[in-house]
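Asker: After the structure tokens below, expect a handful of questions from me.
The values are calculated or read from the model by the stated rules, or taken from the named source; none is laboratory data. Model, not experiment: these values are computed from the prediction. With ideal geometry, Cβ positions are generated from the backbone for all residues, glycine too; neighbour counts draw on all protein chains shown.
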Amino acid sequence: MNPQSLLSASVRKVLGSLTHVVTTQTVLSLTFDDGPDPENTPQVLTLLEKYQARGTFFMVGRAAATHPDLVRRIAAGGHAIGIHSWDHRAFPGLSSRERRWQIRECERALQPYVSPLFRPPYGEQTVMSRLEAFVMGYEVVGWNLNSGDWYESQPSVMSKYLLEMVAPGGIVLFHDTLYDKGAPAHGVDPEHTSWPDRQAMLGALEMVLDRLCGTYQFVTVPELLQAGRPRRSFWFKPSLATA
Ligand SMILES: [Zn+2]
């Protein structure tokens, strides 16, 4: 590697957000944000178990502290757990001290099961908040396949898009619940209201698992990082969700 590309790789490791890995293995990471939720998360776990798939759950600390039994169950199932803040505030609007508190409090609620993975609420971050996550030892995890499950009501629309776009090494964004239930989804076209009912997402997830099982291996994000070369993007626009 020449000095310039070595510098670029180092800067991306510090300031970039993981979107996927480049790999020859047919692996895929399914990620689930905003839980745990006593009604919906067990349904996601049942589907993952049915297809022998492992997922990665980016949890809201406040929800995890309310449902420690679910956190334990997810960890016991071989799934990975990452941080999604304490109470789902958009990080760009918080002070540096508040952001670090959000990560630490969530970390505390998820111990001893948490992996050093962080997904910012709404996918929003600044250069400074990304740098803080790095200093705290966290890999920021984005995605390269967005199910759109906070506004799409048709499982077939979601699954068709995902199945057309899927490729080895990808990271898929789902929500096992929506922490801001019923509120207009932040950063999304106002004509789309958020979709608190998770039945459409569960339908799409089952279609994707059913079609791809046997072809793809569904692995956690830490396992994905072992399976190929990480690709990290500079994501400092207001919302990753619209990237
Ligand atoms: Zn979220």
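Asker: Can you go through Ser95, Ser10, Ser17 and tell me which one is crowded, with 22+ Cβ neighbours inside 10 Å and small (Gly, Ala, Ser)? Write out each step before concluding.
Answerer: Details: Ser95 fails: crowded, with 22+ Cβ neighbours inside 10 Å; Ser10 fails: crowded, with 22+ Cβ neighbours inside 10 Å.
After ruling out the rest, the residue left standing is Ser17.
Asker: Right, something else. (1) over 30 Å from Val27 (Cα atoms); (2) away from the ligand (no atom under 16 Å from the Cβ): which one isn't true of Asp87, the others all being true?
Answerer: Of (1) over 30 Å from Val27 (Cα atoms); (2) away from the ligand (no atom under 16 Å from the Cβ), only one is false for Asp87: (2).
Asker: A further question follows. Does Thr177 fit the bill of being loosely packed, with under 15 Cβ neighbours inside 10 Å and either more than 18 Å from His84 (Cβ to Cβ) or modelled with pLDDT under 95 (or both)?
Answerer: On the way: loosely packed, with under 15 Cβ neighbours inside 10 Å: no; either more than 18 Å from His84 (Cβ to Cβ) or modelled with pLDDT under 95 (or both): yes.
No.
Asker: Would you mind telling me which numbered condition in (1) more than 15 Å from the ligand (Cβ to nearest atom); (2) at pLDDT 95 or above Asn2 fails?
Answerer: Against the list (1) more than 15 Å from the ligand (Cβ to nearest atom); (2) at pLDDT 95 or above, Asn2 comes up short only on (2).
Asker: Another one. On the given criteria, is Val141 touching a strand residue (DSSP E or B) at 6+ places or on another chain (Cβ under 9 Å) and either within 15 Å of the ligand (Cβ to nearest atom) or under 12 Å from His84 (Cα atoms) (or both)? Step through it out loud before you land on a result.
Answerer: Working: touching a strand residue (DSSP E or B) at 6+ places or on another chain (Cβ under 9 Å): yes; either within 15 Å of the ligand (Cβ to nearest atom) or under 12 Å from His84 (Cα atoms) (or both): yes.
For Val141, the condition - touching a strand residue (DSSP E or B) at 6+ places or on another chain (Cβ under 9 Å) and either within 15 Å of the ligand (Cβ to nearest atom) or under 12 Å from His84 (Cα atoms) (or both) - is met.
Asker: Which one of Tyr138, Tyr122 is touching a residue at least 40 places away in the same chain (Cβ under 8 Å) and either under 23 Å from Thr46 (Cβ atoms) or surrounded by fewer than 21 Cβ atoms within 10 Å (Cβ to Cβ) (or both)?
Answerer: Numbers: Tyr122 fails: either under 23 Å from Thr46 (Cβ atoms) or surrounded by fewer than 21 Cβ atoms within 10 Å (Cβ to Cβ) (or both).
Checking each option against the conditions leaves just Tyr138.
Asker: Quick check on my filter: what residues within region 51-84 are within 15 Å of the ligand (Cβ to nearest atom) and surrounded by fewer than 17 Cβ atoms within 10 Å (Cβ to Cβ)?
Answerer: The answer is Arg62, and nothing else.
Asker: Quick one: Ile171 ticks every box in (1) surrounded by 19 or more Cβ atoms within 10 Å (Cβ to Cβ); (2) in a helix (DSSP H, G or I) bar one, so which box is it?
Answerer: (2)
Asker: Oh, and also: How do the helices (runs of 4 or more DSSP H) wholly within region 26-107 filter down when requiring 1 or more residues that are in contact with an Asp or Glu (Cβ under 7 Å, 6 or more places away or on another chain), touching a residue at least 24 places away in the same chain (Cβ under 8 Å) and of a type outside the set (Phe, Trp, Tyr): which remain? Outline the logic, then answer.
Answerer: Numbers: elements: 41-50, 61-66, 68-76.
By residue number, 41-50, 61-66.
Asker: Kindly provide the set of residues from region 2-25 that are part of a helix (DSSP H, G or I) and touching a residue at least 60 places away in the same chain (Cβ under 8 Å), ordered by number.
Answerer: As a first pass, look at region 2-25 and keep what is part of a helix (DSSP H, G or I): 3-15.
Result: Arg12, Lys13, Val14, Leu15.
Asker: Scan region 92-131 for residues that are within 16 Å of the ligand (Cβ to nearest atom) and small (Gly, Ala, Ser) and report the count.
Answerer: 4
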